[in-house]
Each structure stands twice: as C-alpha cells, then as structure tokens.
1. Which residue is nearest to Val390 (Cα to Cα), if the candidates are limited to region 305-333 and must be of a type in the set (Phe, Trp, Tyr) and away from the ligand (no atom under 16 Å from the Cβ)?
2. Would you mind finding the one in Leu589, Leu558, Leu601 that is modelled with pLDDT of 95 or more, crowded, with 16+ Cβ neighbours inside 10 Å, within 16 Å of the ligand (Cβ to nearest atom) and under 25 Å from Phe418 (Cα atoms)?
3. State all residues of region 352-393 that are within 13 Å of the ligand (Cβ to nearest atom) and either touching a Pro at 6+ places or on another chain (Cβ under 9 Å) or outside the structural domain of Gln272 (by TED's automatic domain parsing) (or both); if no residue qualifies, say none.
4. Looking only at region 334-351, filter to residues that are surrounded by 14 or more Cβ atoms within 10 Å (Cβ to Cβ) and over 29 Å from the mean Cα position of the chain (by Cα); which one of those is nearest to the ligand (Cβ to nearest atom)?
5. Of everything in region 89-116 that's over 26 Å from Ser183 (Cα atoms) and of a type outside the set (D, E, K, R), which residue is surrounded by the fewest Cβ atoms within 10 Å (Cβ to Cβ)?
6. With Glu453, Glu464 as the choices, which residue is more than 16 Å from the ligand (Cβ to nearest atom) and closer than 30 Å to Gln611 by Cβ?
7. Does region 1-53 hold any residues that are free of Cβ contacts under 8 Å to residues at least 60 places away in the same chain, farther than 21 Å from Val189 by Cα and of a type in the set (Asp, Glu), and which are they?
8. Of everything in region 472-494 that's among the β-branched types (Val, Ile, Thr) and buried (at least 24 other Cβ atoms within 10 Å of the Cβ), which residue is farthest from the chain's Cα centre (by Cα)?
Amino acid sequence: MCGIIGYVGSKQALPVIIEGLQRLEYRGYDSAGIALISPAGNIEVRRAVGKLQNLVTQLQEEPKPLKGSVGMGHTRWATHGKPTELNAHPHRGPQSRVVVVHNGIIENYVQLKQELVQSGYSFNYSSETDTEVIAHLLEKCMLREGDTLEQATIKTLNRLKGTAAIVAISLDDPEKIVAARLSNAGAVVIGYGAEVEHEMFIASDIPAILPHTRRITFLESNEVAVLNTAGVTFFNSKGEVISKEIVTVNIDAISAAKGGYKHFMQKEIYDQPQALSDTLLGRVDLENGNVKLEDFKFSKSDIAAIEKVTLIGCGTSWHAGLVAKFWIESLAGLPCDVDYGSEFRYRDPILTPNHLLVAITQSGETVDTLAGIEEAKLKKAKVVSVVNVVGSQAARVADGVIYMHAGPEIGVASTKAFITSLADLFLLAVYLGRERGKLGADRAQSLLQSLVEIPNLLANTLLENSIYDQISRKFYTAKDFLYLGRGINYPIALEGALKLKELSYIHAEGYPAGELKHGPIALIDEGLPVVAIVVKDGLYDKVVSAVEQVKARDGFVLAIASEGDELIAGKADKVIYIPNTDPLLMPLLTTIPVQLLSYHLAEIRGCDVDQPRNLAKSVTVE
Ligand code: F6R
C-alpha cells in the first residue's frame, strides 16, 4: 500500500529519497512526505497532499535546498484518515525529536493512545492516523526511559498489534535509521551501498533502491534493523543481535515494480491471498461469530428497520453484487436486487428510507455508480459504499463505507478488488444477519471460520498449473468462448467472460448452465470452447448434465471443479480443481481460474494486459 524509502550515507539524502519515491508512487498517491536530519541539528519535515509532484514543487520553492545525509520519505495510500496534509507521513513525536513513517495498520492504536494520554501525552498534531501513536511511544521510550532509538523501537514493536513496517529517525540518535517489521507487514528491504561505500538504504520495494544497489536483505516478521554509515545490525524482538544473509538481485527496475511479475495484473492476481487477509484484518470476531465494520455507521434500530437491499455497480463490481445477492438473502433474510449503476437511476427506482443501497466500486469515482448513489440519497434511502480508494467520491458521499483494503490496483482489469469486494459484501451479509437476529452465532462462526481460511485456499488455487498454457495454446485463435455456471457461481461465469473479452478481445458469453438448452446450445461445435463451473454444491448434478449436453454435441469442456471430484474428470476434456469450502464461499475460489485463463490467453495473443485497448481504470464519464 504505502511506499517507504530511507537513506544514510555520505551523499545528500534528498535526491535519493525523491527518486525512490518516484519509483514507489504506484503504491499510493494520496500524499507524500520526507524527513531529514539537517546539519543544523533539526529534523526537517515536508509533506504535501496528492501526487509526489506536489511535494517536489513545494521543495523546489524552498529558499535553499534542504540538506542532510540521513532521511526518509513516504508515499501514502490512505487507510486510517483522509488524504490530508495532517494525515500525511512522516509523523512526529510530541516534542518533534522522533519522526516516523509507517506502512500497515495498528489494530490497538486506540488503546495505546488512551494509555499515552493517561500518562500525560497530548496528541498535538491530531492526525487521524494510527501512526502518530508510534512516534509518541518511541519518543516516550527515548526521553523518559533513556533508550537508544533501537531500544525504543524494539520496545514499541512489542507493544503494537497488527501489521506494520516502520522506519524512524531521531534527533537524539541522529546518525542512524531504524526499521522494524511487525507481523506479516509489507516488505522491508535493506540495501547495501554499492557505488559508494558506507551508505545504506531501506525501502518497501526493491525498485526504489535498485539504481543504487543490488545487494539486499529482507526484514522478516518482528525483526529490527539499525542502519548507519558503518552498515546494518539486525535484532529480533527480544533485542538479541541476529545475522542475516545478503542476496544479490538480478532484476531491472520496471519488472521489480511489478514484484518480478511480467504485468501488474498478473501480480495483482497473485496478491489476492494477501489482499484478502488485509480486508479481513480486525473485522472478524471468530469467538462470537460477529463482524466489525468500522465505518458502517447505522444504529441497531436503523438496521432493524431495513426492508430491502439494492446493490449497484458496473462491470466487475456489478458481478460482485450478483454474488452478494445470494448472501444478503440467505444470511440477512432481506429481499435484495442488483442493478447496473448505469441502468438504476433511469428506471425511477422505488426507494424508501428503509431501503439500503449498497454501491460497489473499486475506484469510487465511476460516474454511473455515483449517479445511483445520488438517486438513492434524493429518495432518502440509506447508502453504504463498498470502495477501494480511500477518500474517493463514493466514500465521501455515502452514509457508511466498507473499504476493500486491496491496495492500489494498477492493472486496468479488476482482479484483487473483485475478491476483496466479495469479502466485504460477505461480511456485510453476516453483519446484517447477526444484527437483525436472522443468523445464529453457530452458523456465523462456521461461515467466518471458512472465510478466514480462504486466503490459504486461494494461495493453493494459484499454484503453477500447466492447463492454462495448454488451453491457451489450443484456443488462442478461437473467436468465441462460452462460460457456464449456476446459482452463486453464475456471476463468476459472467466475470470470466468479461475478463476474457477485455483482455484478449475474444468474444465470450457467460450463461446460467440451466439456460443452455434454451438457445445457446445451437452454438456448440468443436470450435467453441466451453468453461463450466461445476463445483460440489446443491446444483452440481444440474451443471454436470449441461456438460453432458455440450459433450454430446462434440463441444470442448474445461471444467472448474471441486478437489476430489473424479466423476467430472471422465466427462470434461480438462479439469482445473479448486479446494473445497462452504458452497456460499465458492465464488471466491472459482474466480481464480477464470482470471488466470484470461491472463494466459491475452498473453499468448500478444495483447496489452495491463492497459487493454479502449479501457480506463476509472470511468468518470457516462
Ligand atoms: C473489469 C473492470 C470494470 C470495472 C468497472 C467499475 O475488469 O475493471 O468492469 O469493474 O468499470 O469500476 P469501479 O469498480 O471502479 O466502479
């Protein structure tokens, strides 16, 4: 999500930091900031809202260039708090003697803040971030307890819950930078000076420091690194010195920005287990079978009064809505309909104050979805947005927000935002069901348990599988594909067809398997590949019979089936197996093969995977 860079050495730190931030900007561009220890003995902090260029312009307007050879920078993708200058990193301790940048989420920051306030600290900058508490804790350890910066960092690390990559500098220990990685936070890369001896780098991604070094070490969970011109020392969370290996990386900067993947979309497909874990973080109470939705601000009586739910979205976000309809109806016991943002407002929908409108949008800027929100607000319905981009219009205008926490999605075709919006919508359905007394604690517990297991199952579904390559080689010249699914997996057939169309420009259609015999069966011949989602749920036999109908007409069937299903292997031409889970959660897994298939077909056809023709990442015109 956010990007971090740090430098200590004999050169001026500022150009190194700015160049690093440029390479990290894809991770977030809500705000950017830098901090330097100046030769005059101050910490200079500069921050600007919006893209990095705003900060660069601000720095160019300074009467004299900022100097210092110890410093760090941050580019923010907002999670806690709006994208304002006050919330931009770096954040200072109360006496501005410690400055910190952070990537991740501190789950217990409210409790820590209360403790600090009780021990006499005031939060004078009053940012809305969870990061400020880290700066306060570090400064407290250094000023009140006489700790060095690394001792303070180790103590602080042991107090934090959540995921966090932290980098700190201090006026009271001015020749070093300290970095820490709590739990499974984003990567923290330590770089060893190559061109010039006696310099060290730190970054949240390899490309930020690739122009300077290829010799790196990754910080693991709960480790601390102390960097100065003499090198680096590593500690574990007990404060013991540990040794770590240096690896030499052999990649160019652009491919590193994609984390070694060829395309952003490919990276984003493989990022999905992590994105889903981030989405679930702090929201699932397994013990009591409850869900916490931090920005879903409706009272119990408002929730009890809801009579109907309408889900709106466009493209992939609309498909997420089609899946969620099953969840809202079966878990929350509420009637639910789904509409395209672009259609909804033009049909004069019947809406009342007891109506909940759920707007699903990765960008939060899709004009058709925003217009649907406006229509609902005019008619006094309650509006909640399921959004990825923090502070976007859909988040600002809604009465409540459920963030996707997918991180920046750069590939134009949506992948990890789809999976994380599904997770959000599932959480919403469980939440409504629990609050309205329609869903018992036992069933909720078992569903949530299955949900938290999905990131691992996703990782299994993403393991190397040569079938994608085989199918792509066989069918890359096909003119059409047909995707079949039924029940809760029918929207995944639609999603598969959409992904294939937009990425590879092959025409594709998604159909409910039961409708095959009512028309599309006329299309079947050996030249039309059929992708059938045929998992073990209540409709399994019905989809198997559709597969048989295709085979009887010499069609080619690629089945996406449940692990252990031997019957389907005897019927379909090829099978991609996915792990078993609760049938309600299957769409989170059946999505992966349709994404990978489209990706491979687009690749083999030489299409521009990340920026398919005619498309834009957020559609802000009608
Ligand atoms: C398809 C895709 C689009 C978007 C649609 C809505 O891969 O990315 O169909 O899903 O344009 O965008 P958001 O979710 O930003 O409103």
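The values are calculated or read from the model by the stated rules, or taken from the named source; none is laboratory data. Worth saying up front: this structure is predicted, and the values here are computed from it rather than measured. A quick note on method: Cβ atoms are made from the backbone with ideal geometry, for glycine too, and the neighbour counts reach across all protein chains shown.
1. Across region 305-333, the extreme among qualifying residues is Trp327.
2. Answer to the check: Leu601.
3. Of everything in region 352-393, those that are within 13 Å of the ligand (Cβ to nearest atom) and either touching a Pro at 6+ places or on another chain (Cβ under 9 Å) or outside the structural domain of Gln272 (by TED's automatic domain parsing) (or both) turn out to be Gly372, Asn388, Val389.
4. Only one residue tops the list, namely Arg345.
5. Only one residue tops the list, namely Gln95.
6. The conditions single out Glu464.
7. Selection gives Glu44 alone.
8. In this case the residue turns out to be Ile488.
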